[in-house]
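All remarks here apply to the structure that follows.
A short reminder: the numbers here are calculations on the coordinates, not readings from a lab. It should be emphasised that the depicted structure is a prediction, and the values quoted were computed from it without experimental measurement. In this analysis, Cβ positions are derived from the backbone assuming ideal geometry, glycine residues included, and neighbour counts consider all displayed protein chains.
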Amino acid sequence: MSPKPRGHGRRDPFLRGVRRARTWPLTLLLVAALTWSGGSAPAGAGPSDTGLKGAIDTILADPRMDGGAASVVVADATTGERLYERDAGDRLMPASNTKLATSAAAMALLGPGYRFRTEVLSTGRRYGSVLHGDLYLRGGGDPTTLASDYEGLAARLRESGIRRVTGRVVADDTRFDTGRLGRSWAADDESSYYSAQISPLTVAPDTDYDSGTVVVEASPGAAPGDRPEVKLTPPTDYVRVDVRGSTVPAGQADTLAVEREHGTNTIVVGGDIPVGGSTTKEWITVWEPTGYAAAVFADALAEHGVRVTGTPRLGRPTPPGAKVLATHSSMPLKELMLPFMKLSNNMHAETLTKAIGYETSGSGTWSAGLSAVDGYLEKEGVEAAKLRQVDGSGLSRMNVFPADQLARLLLAVRDAPWYAGWQASLPVACHPDRAVGGTLRNRMCNTPAALGARAKTGSLTGASALSGYVEDAAGRELVFSIVLNNYLASSVKSIEDAIVVTLAGSDTAAGTIAAAPSVPGLRSADRKAPSDLECTWRKPDVC
């Protein structure tokens, strides 16, 4: 995902006046094949084509898609009948629509009740309040572990009467392999929260569960020349903050930036921040999340009066026969699906991929997990040979999916026993509650699709996707998959939205097709996205 906006934290705008119009006025139930400003209809579409094909073809004729590629499918959700296809078999980058495959496979292969466990164990002998030996912190892969959860483990040790440990904390992260970053992930994303390293032991700083990150807040000093004041969440010495920035007079430009230096845990706060300016808030990845978890746990032990003699040691397996002293269990997978899919959390997707590998073959690797995902897709009638998936989240630009196969998956899962919970994890168009609307909460408002369309978003530079479900004006449930690639505009989201809104406002069975909604015209600023911007995800609008 991409950088969170500075100075705004995580406040969400409250959208008022949301309503869902199930039908549009008759005056709008017109021919959809209207020529929009600056665009021309593709071959096969024109004023004589008054059906769904003409409507969607006209939308896709938007000049922002000139020279681009589109793979689109619309189908009846009950019968599977294809109502519209446009290059359905073309393999394009799906971005975070990759999470549709990962999440469905996780629900099927791990089960809705699956929980991750983090345990504290020891083979040492207990003499009164002294434990002679090491404490093993064994990670099960939980991407939602908070600092407070490690405090809970420490508190339970204290409650058991342990006051001193003669050994050290040993962090056991052997459930997964040592591969920390996915294939072809961009090097310049290294410190960005959406590209955190993957380990079965990690820490999330807040209840968005952006595992493997710390929250850095930098505020202006009291007077020009003062250094910015910096706060870390959770408080930890595992990272070092190098404050190089300066407070400047009020009214001057805010150029403050926060970034971790490559291969280190040194976080540099540089640039200028004006007196009275807004706090800059960034979620920054750590280098080696196993060590991060061990450090946070060691701090928690000290705070609860449990003294450990040695320094933490990383990457060693827990010996056979070790006794469990304390356990923390994650929320069940059916609940984890909500922050995962609503907020499009990349690290959840990658952890689940490795967990699938571990649970199905005993190998906590990307290759084992993805092999199991492929096997699941094949059983559901998705042709895995016609797509390529190299990570769980869609962050890699090596992933390619045709809209045809995404639509097949959306159709196939509808009869799964866990479908209701899985579908509920999809973002809901224009729902103002971030926990419900997720990455769609600001889209398709005041249209027939508002509060009705449920879909997974996806964004990379030059790649955008939207796939999910919507009812048409007559109550017919439809499946849609829209994958757009190779455009130069900064965004094509309104093109995706226009297709879904047209579906929601039409009676597709009767052939009464709603006029295509107005799409914002092409601005000069939209002609080309910044060349140095790989991901367009922004907090709170993550994709």
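So if R0 is 60 Å, what FRET efficiency would residue 323 and residue 491 give, r being the distance between their Cβ atoms, rounded to the nearest 0.05? The pair residue 323/residue 491 has a calculated efficiency of 0.60. Potential lengthening of the chain between residue 243 and residue 219 amounts to 7.5 nm, from the contour at 0.36 nm per residue minus the alpha-carbon distance.
What is the antiparallel percent of DSSP beta bridges lying wholly in the stretch 84-200, to the nearest 5? Approximately 50 percent, going by the DSSP bridge assignments. Secondary structure note: in the chain, about 75% of the DSSP beta bridges are antiparallel.
Look at where the Cα atoms of the stretch 436-509 and of the stretch 187-214 average out, and the two centres are 29 Å apart.
For residue 275 and residue 148, what is the calculated FRET efficiency with R₀ set at 45 Å and r taken between the beta-carbons, to the nearest 0.05?
With a Förster radius of 45 Å, E is 0.85.
Computed extension length for residue 156-residue 227: 21.5 nm, one decimal, from 0.36 nm per residue of separation with the Cα-Cα distance subtracted.
A simple spin-label model places the labels of residue 79 and residue 115 4.6 nm from each other, with each point 7 Å out along Cα-to-Cβ. Can you compute log10 of I(q)/I(0) for the chain with the Debye formula, treating each Cα as one identical point scatterer, at q = 0.06, 0.13 Å⁻¹? With one equal scatterer per Cα and no solvent, log10 I(q)/I(0) is -0.32, -1.25.
Based on the inverse mean of 1/r over its pairs of different Cα atoms, what is the Kirkwood hydrodynamic radius of the stretch 75-159, in Å? Please report the intermediate quantities before stating the final value.
Values: mean 1/r = 0.0554 Å⁻¹.
Roughly 18.1 Å, rounded to one decimal.
Modelled this way, with points 7 Å down the Cα-to-C-beta line, the labels at residue 166 and residue 507 are 8.4 nm from one another.
Across the stretch 146-165, the residues whose backbone nitrogen lies under 20 Å from the label position 7 Å along the beta-carbon direction of residue 125 are 161-165. Summarising the label geometry, the points placed 7 Å from Cα in the beta-carbon direction at residue 477 and residue 386 lie 2.3 nm from one another.
Sequence-distant contacts, meaning Cα pairs under 8 Å at least 6 residues apart, place the relative contact order of the stretch 213-283 at 39 percent. Calculated mean residue ellipticity at 222 nm for the chain: -7000 deg cm²/dmol, from DSSP H runs with n ≥ 4 weighted as -39500 (n - 2.57), summed, divided by the residue count and rounded to 500.
On a 27 Å Cα-Cα criterion, which of the cross-link pairs 99/386; 354/386; 99/493; 281/354 come out too long? Violating the 27 Å limit, Cα to Cα: 281/354.
Each Lys and Arg adds +1 at its Cβ and each Asp and Glu adds -1 at its Cβ; summed about the Cα centre, the stretch 213-283 shows a dipole of about 60 debye. Test of understanding: extend the Cα→C-beta vector of residue 132 to 7 Å, then name every residue of the stretch 162-180 with backbone N under 14 Å from that spot. Counting only backbone N, you get 165-167. Does the stretch 213-283 come out rounded, prolate or oblate, given a ≥ b ≥ c as the square roots of the eigenvalues of its C-alpha gyration tensor, rounded meaning a/c under 1.5 and, failing that, prolate meaning a/b above b/c? Prolate, since a/c reaches 1.5 and a/b exceeds b/c.
Quick check for me: using +1 on Lys/Arg Cβ and -1 on Asp/Glu Cβ, what's the dipole size of the chain about its Cα centre, in debye to the nearest 20? Let's see the in-between values first.
Details: 58 positive and 59 negative charges, 231 e Å.
With Lys and Arg at +1 and Asp and Glu at -1, about 1100 debye.
Each peptide in 342-352, 245-255 gets a packing score, the mean of other Cβ atoms within 10 Å over its residues, and the list from highest to lowest is 342-352, 245-255.
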